[in-house]
Structures are given as structure tokens and as C-alpha cells.
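The values are calculated or read from the model by the stated rules, or taken from the named source; none is laboratory data. Because the structure is predicted, anything quoted here is derived from the model rather than measured. Here the Cβ positions follow ideal geometry from the backbone for every residue, glycine too, while neighbour counts run over all protein chains shown. What goes into the accessible areas is simple: the full protein's heavy atoms, side chains included, and nothing from ligands, DNA or RNA. Shrake-Rupley method; radii C 1.70, N 1.55, O 1.52, S 1.80 Å.
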Amino acid sequence: MNQQLQTILDFVQQNENLTAEEKDRLLKAVKKVDSDLTISEFKLERTEKIKRTTAILLEETIEELEQKRKAIEETNDALHQSLENLKATQSQLIQSEKMASLGELTAGIAHEIQNPLNFVNNFSEVSNELIDEMNEELDKGDLEEAKAISLDIKQNLEKINHHGKRADNIVKGMLQHSRSSTGTKEPTDINALTDEYLRLAYHGLRAKDKSFNATLETDFDESIDNVNVIPQDIGRVILNLITNAFYAVNEQKQKDEHFKPIVSVSTKKIGDHLEIKVTDNGGGIPQKILDKIFQPFFTTKPTGQGTGLGLSMSYDIVTKGHGGDFRVDSTVGKGTEMILSLPIEVKNHENH
């Protein structure tokens, strides 16, 4: 086979833009040309005619390939634009999910803030009365009694400061929950974080549905030091699991009025990992659904009650964001256990 035809043959065989049928057709054409050229050594007149035919065929082939190249470029541009649109939509959906979960907590936040505010108000009023008493004792010249009253005022101020900081921490935690993650890990008290979200979620649900009640059980491993995690992200995961557990036991309660809802939350240090468990005694998850729960947009909740993004986001946060493990154990009729396993990365405060 001559050099030109061999080049064409290689070109056709290596071209990924051609279908198998097109390649086959072109290969046959090239082989036919080769056969004709062999014969043309003996028939010079026919050789010229075959050369002209080959030139036309090549021209058509090149034109066809050029058209396919342009079509592929246009398709690539369209796919790139679609990908950008998808990323933008995904970001919007994730932010919507964050704000939706914050909305779930609103009533709980109000309840939790009200408690320390009540303490602040009460101790402020008592302290105001004590100052009047102290002034009276000073007017009488009874310095000992005035000093005793001043100690009571000091204790009240310490209590006011304590409860003020408590309210401040709740507000800061919720602001952190609503904002986009910085992706920065910091030393975090996992037990406090878990307990905080458990109470906020519970009071939030109770505010929306006064008939809802559940037994809350906690078992926190006190040997766990501050762990280096992204607090707002892990907080979202814990909140999602607790909210799902409440939903499961509430659904079971609707079916059986004698049912006693129980939601348990525990932490445990196992070697170089921290394990967080959220357990409910709801109706459990069937195997066919269990295989899909981490898929984006999959939800068993009625329309408008769930985005289907909670568990898929949680799974990504735990596995991709923290190099951890996320598994689910569930038995229909008995309940569900969500288990997070996070590598412990302790960071000293002085190095932080």
C-alpha cells in the first residue's frame, strides 16, 4: 500500500469521532483504492480515473470530518454551560437547605435564649433592690451588713454574666450555622455541640407541635477532648440526624397512640476515632429505601416537608470533608441508628 493511503488508513483507524460503521466504510474505500492502484500499474488509463475518484472521496471525507468536529465543539460548549448552571443551582439548593434547617431551629432558639434572659432580668431586679438595701445600711453606718449585701450583688452579677454569655453563645452558634462554611477546622467540644442541637431541635419541634413529646437519652463520653472539626458542618449533620429521628418517632406515634418515642444520642472515643450515634425507636427503614437514602433529592417525606438533600449533604461532610465514615443500621418495626465515625484531630489551643 502506498504512503498516502497508509496515512489515510491510520487516520481513519485512530479517529475517535467516526462511528464503527463510518470507519468500516472508509476502510473498505481505502482498500478498494489500493486494489485499484495495484491493477493500475498495468492499466495506466484506469489509474488516472481511480486517482480522480479517490481525490473526490477524500474531499468528501474531510468535509464530513470537519462538520463532525464543529458539531463536537458546539456540544462541548453546551455541556460546559450546562455544568456551570448546575453548579450555580447546586449552591443555591445547599444554601436553601441550610436556611431551612435554621428555620426548623427558630422556635428552639427562642426557647433557649428566653431561659438565660429570664435569669438576667430576675438577677438584675434583685440586684437593684439589693443596692437600695446596701445604701440604707451605709446610711445607718452598718458597714458589715453593707459588705454582706455587696457580696450578694457580686454573686448576682456573676450569674448575670454567665447567663448573658450563654445567650451570646446560642446566637453565635446559630449565626455560624446559617453562614457558608469556611472549611476551617477548629477545636470543638463535640459533646456540647451535640447536646446544644438536641435541645434546640426538640424545643423547636415542641413549639410547632405541642402534642409532640419524646424521651431524650444522652450518653456523652467525658474523656473526649476538643476535636478538630469544621463546627458548622458537623453541627448541620448532627441537627439533620436528630431532626430525622424526631420525625421517625413522631410518625410512629401517629400510628400507635400507646407508642413511647425515644431518641438517644451518644458519643464515644474508640481508638483514634470519635463515634456519634443518633438512635430512634421509630418504624425503621426498609432495605429498598435504605439503599437510596444518601442519594441527592431522595426523600420519603411528603411534598414540601423535605428537600432530599439533608442526608446526602451530611454524607459528603462526614466522608469527604472530614475523612470519616457514615453508616446506618435499621430494622423495620424496631428503629434506626445513624452512626458517624470521625478521625480525632486534636489541636492545642496555644497552636491555634
Worksheet entry | Identity of the residue in segment 229-270, part of a strand (DSSP E or B) and in contact with a strand residue (DSSP E or B) (Cβ under 6 Å, 6 or more places away or on another chain), that ends up surrounded by the most Cβ atoms within 10 Å (Cβ to Cβ) | 229
Practice prompt. May I ask you to list the residues in segment 271-288 that are over 22 Å from the mean Cα position of the chain (by Cα) and open to solvent by 30 Å² or more (accessible area, probe 1.4 Å)?
Written response: 271, 272, 281, 286, 287, 288
Worksheet item: Filter segment 214-228 for residues that are part of a loop (DSSP other than H, G, I, E, B) and within 17 Å of residue 186 (Cα to Cα); which is most open to solvent (accessible area, probe 1.4 Å)?
Response: 225
Item to complete: Quick one: which residue in 79, 102 is part of a helix (DSSP H, G or I) and at pLDDT 85 or above?
Response: 79
Discussion item. Please verify whether residue 94 is of a type in the set (A, V, I, L, M, F, W, C), modelled with pLDDT under 80 and surrounded by 14 or more Cβ atoms within 10 Å (Cβ to Cβ), treating the condition exactly as stated.
Written reply: yes
